Amino acid sequence: MSGNDTLSSPPPHDSQSRQDGLKELHQLLAESINADRGITRAGKIVGFHVTPLSSEDQTQLAVRFFPVCLGAAQGDEESQADRVALRMFLDGLQAADLSTRLAACEALGQLGNLTARSALTVAEQDENWLIRTAAHKALRVLDIPRLATQALSNLPVLLWQRVKHVWKPLGTTKTDQRGEAYFANVSPGAVYRLQLLQTQHRTPQPALILGTGRTTNEEFVPEALAAESAETDVNAFPQAYRLALEDGSLVCTVMQNEEEQLVIEFRTESSRLRNGWVSCLITHRETHQDILSTLVELTPTTRGILSGQLLLGEEFDLTQAYEFYFEPVPAPTWDA
């Protein structure tokens, strides 16, 4: 190594790497999948596995997103382990055994610590062509944007099924800390697509708070769309929430129906949401447990406005506080 190189931790992986990785993941998910066959697709930054899990009574799809190259070490203990590994692999470049040196080149590329660049550059001039090739490949791998597995957690994923000549949404779920998600009760032989929901449209904070801890959205500007909804007691429910879209807005209003059941209503004039849906997620505010994840279909009213309703069932104890998130899901333009 040169005098300027130190055994430091890898550079932090900023939000741009995550955005680039999610963009690549959208592209990898563009092709359909079959519930009977496993599949693996990988790009430069990320990849994914889909594995069918069949039992006597049902078939599940297990989906796992993964970074192509290892991400940055996290925490003091892992950083220390990373430094030890870096030193071990740098020493391996000096070994007499050819296989050890080849493995060290590959490991240094995968480890992603830029302080190995000078040692690999020297190895590019090695008298053995196998070492030269391995070092050159490792240097190219060092330049690949890196993601930690945690960057692929908590991603909302929507499963679509092709039914004759149209695509129908089956449901949403989120990836866990390992980047894994599961969809139950899929049909063997059917054709599916996976879609990452456009998380940039989702507000960083919940749109509404339901229950005892509910608050109002002070930035909401009342519009004609909200006025069309049934009258509500402003002291009992949060104010309507408006999500700005490219060609209009999506208004969310909480009310009670004639049976005194709690209803969440959506209204929009957005043309891109015609034949579309709204993805809804309700979590417990204290435990952060997901209580409900569902899709609400938007259908035109007699006035041409798109409308949909979500009826909250008895599982909701409104003496508790819940966080409510929603996101528009336009109808897909894929060829059936």
Yes/no for GLN125 being of a type in the set (S, T, N, Q) and either touching a residue at least 12 places away in the same chain (Cβ under 8 Å) or in a helix (DSSP H, G or I) (or both) | no
Would you say LYS137 is within 29 Å of the chain's Cα centre (by Cα) and either surrounded by fewer than 18 Cβ atoms within 10 Å (Cβ to Cβ) or at pLDDT below 85 (or both)?
-> no
In this structure, does ALA151 turn out to be buried (at least 19 other Cβ atoms within 10 Å of the Cβ), modelled with pLDDT under 90, hydrophobic (A, V, I, L, M, F, W, C) and under 30 Å from ALA81 (Cα atoms)?
-> yes
With respect to THR203, determine if the residue is modelled with pLDDT under 85 and within 21 Å of CYS280 (Cβ to Cβ).
-> yes
Out of (1) among the β-branched types (Val, Ile, Thr); (2) modelled with pLDDT of 85 or more; (3) more than 24 Å from the chain's Cα centre (by Cα), what's the single condition that is false for ILE209?
-> (3)
Answer yes or no as to whether THR287 is surrounded by fewer than 19 Cβ atoms within 10 Å (Cβ to Cβ), free of Cβ contacts under 8 Å to residues at least 12 places away in the same chain, out of contact with any Lys or Arg (no Cβ under 8 Å at 6 or more places or on another chain) and assigned by TED's automatic domain parsing to the domain that holds LEU208.
-> yes
If you check ARG101 against the conditions, is it touching a Cys at 6+ places or on another chain (Cβ under 8 Å) and buried (at least 18 other Cβ atoms within 10 Å of the Cβ)?
-> no
Output the residues belonging to region 17-30 that are in a loop (DSSP other than H, G, I, E, B) and at pLDDT below 90.
-> ALA30
Which of the following residues is in a loop (DSSP other than H, G, I, E, B) and basic (Lys, Arg): ARG303, ARG272?
-> ARG303
Test result for ALA119, crowded, with 16+ Cβ neighbours inside 10 Å, touching a Leu at 6+ places or on another chain (Cβ under 7 Å) and free of Cβ contacts under 8 Å to residues at least 40 places away in the same chain | no
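The values are calculated or read from the model by the stated rules, or taken from the named source; none is laboratory data. These numbers come from a predicted model, not from an experiment. Positions of Cβ are backbone-derived with ideal geometry, glycine not excepted, and every protein chain shown enters the neighbour counts.
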